[in-house]
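These notes concern the structure reproduced below.
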Amino acid sequence: MAEKEFEGHNHMLKNLGIDIGAHDQLMQGLQPMFREVFLSQKNRPKAMSYFDFRMSEIHGCRIRELSEHKEKGGKVIGAFCLYVPEEIVLAAGGMMVGLCAGADIGGPEAEQYLPRNICPLIRSSLGMKLSRLCPYFELADLVVGETTCDGKKKAWEIFQDLIPLHVMHLPAMKGTKAQELWLEEMIKFKEKVEEITGNEIDAAGLKEAIARVNRRRAILKRLNETRKISPTPISGKDALLVTQLGFSDDIEQFLEGAETLRQELEQRVRNSQGAIDAAMPRLMVSGCPMVLPNWKIHHIVETNGGAVVCEEACTGQRYFRDPVEESDGKLDNQLRVLSDRYLKLDCACFTPNDDRINNIIDLAQQYRVDGVIYNILQFCTTYAVEFYRVEKALKGIGVPVLRVETDYSQEDIGPLTNRLEAFLEMIRKTH
């Protein structure tokens, strides 16, 4: 990035209220990490250059694009979770972005409000806001929370004093009554977005928005299906980065970049051109979401003789697995099919959660994995408890699983590396 352009970005960020000194330190720490994790790889697809650039400009060009959208009267909606339907935001002429978390930053500030033994994602997101490090928070005209765990439910009571907030209340179990309750939440969200944007959502606008988001899901699904092939044409790290950027990037630019990558990956499959040696154990990472810039597990695995070929997570298959049914129906019908699709997401917050167990088994078989790494963020009770059923199901089909508990710091890199190396060695000896 040119010095003049960098200064222009800093001026823009300062106007948003960002702490420039702290932000510069954050970016200076991320740059060498990104070079080590991503740019040092061999045999990378050329089309990853788009995603490298968008990552380098995630607090630069992307923030400028959102600012220009707001200058023209548009609104920006921030979200943390897959349960917030982007289609409704797009149908009202808004833009939706994923909010900052995923880094061990702002802990002291967050712990003025939160206990220390809380999920690192919650602590990181609140710390980012309090430390004035996340421009997406400052650009958001509305932030949308959801009740996927007890920690978040209570954290929203703190966030509501800091930001304009709307909370979507997710049912704890699935079924007919849950579908009706969730449809009510969908309608309330639609009304809130209409209030914020000043635009009424109609059937034609929602139909187009559904089609746009479905196109992104379809490209990501097809792109990830190339990872079923051995040798895999893209590293797990790169595939994860693409999915992570889907939460913040401009949808049309992202579609173009992802389509170019998909075409290259399918050509690499035809040429048997792998990004990782075919002899390496094939692993699936399952569990908690891996939010930018959390690449820890993938990086350790792929620098120690393994290949991550699938993610059973919100930053993975759950994100793009199921499209929304497209129809020419009335607005009420569109809202219902939209609601039904989002309730299909199999977060560990549901009980019982047979859909998730079945999907894990299906993915393990489709992607022909040799083992599963079950990733739990510290103090995440729902995913930790659900490990019992996941392990039991995977053992039933002869797939070994390793449970790891981690956070966003670098302090556990050594012990985590030792455990993952031992797991990979065990797989090599038994296959």
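Rule-based calculations on the coordinates, nothing more; no lab input. Only a predicted model underlies this, so the values are computations on that prediction, with no experimental measurement involved. Note: ideal-geometry Cβ built from the backbone for every residue, glycine included; neighbour counts use all protein chains shown.
Results, tabulated for the structure shown:
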{"read-out": "Taking region 271-383 and dividing mean pair separation by its residue count, relative contact order in percent (alpha carbons under 8 Å, at least six apart)", "value": "38"}
{"read-out": "FRET E, pair Arg64, Asp24, Förster distance 22 Å, beta-carbon r, rounded to 0.05", "value": "0.80"}
{"read-out": "Length gained when the stretch Ser56-Gln112 is fully extended (0.36 nm per residue, less Cα-Cα span)", "value": "17.0 nm"}
{"read-out": "Rg [Å, one decimal], Dmax [Å, integer] - the chain, C-alpha atoms", "value": "20.9, 62"}
{"read-out": "Computed lengthening from Ala422 to Glu326, 0.36 nm per intervening residue step minus Cα-Cα distance", "value": "29.9 nm"}
{"read-out": "Normalised contact order of the chain, rounded percent, pairs of Cα under 8 Å and 6 or more residues apart", "value": "18"}
{"read-out": "For Tyr113, Tyr83, order by how many other beta-carbon atoms lie within 10 Å, fewest first", "value": "Tyr113, Tyr83"}
{"read-out": "Extended-chain gain in nm, criterion 0.36 nm per residue less alpha-carbon gap, Asp340 and Ile413", "value": "22.3 nm"}
{"read-out": "Euclidean distance of C-alpha centroids, region 38-60 and region 318-385, integer Å", "value": "28"}
{"read-out": "Residues Cys100, Cys61, Cys349, sorted so that the one with the fewest Cβ neighbours within 10 Å comes first", "value": "Cys61, Cys349, Cys100"}
{"read-out": "Two-site label geometry, Arg35 and Asp202: point separation in nm, points 7 Å out along Cα→Cβ", "value": "5.4"}
{"read-out": "Long-range amide H partners of Met96 with built H, under 5 Å", "value": "Ile77"}
{"read-out": "Solvent-free Debye scattering, log10 I(q)/I(0), computed from the Cα coordinates of region 104-246 at q = 0.10, 0.11, 0.15 Å⁻¹", "value": "-0.53, -0.64, -1.09"}
{"read-out": "R0 of 35 Å, Cβ-Cβ distance Glu71-Arg215: FRET efficiency to nearest 0.05", "value": "0.80"}
{"read-out": "Spin-label pair Gln179/Lys392, simplified geometry with 7 Å Cα→Cβ offset, distance in nm", "value": "2.8"}
{"read-out": "Whole-Å distance, taken between Cα centres, linking region 245-287 and region 113-184", "value": "30"}
{"read-out": "Pairs from Lys75/Lys192; Lys129/Lys296; Lys46/Lys237; Lys75/Lys207; Lys221/Lys344 whose Cα-Cα separation, in the structure shown, is over 18 Å", "value": "Lys129/Lys296; Lys75/Lys207"}
{"read-out": "Proxy reagent accessibility, fewest Cβ within 10 Å first, across Arg215, Arg282, Arg356", "value": "Arg215, Arg356, Arg282"}
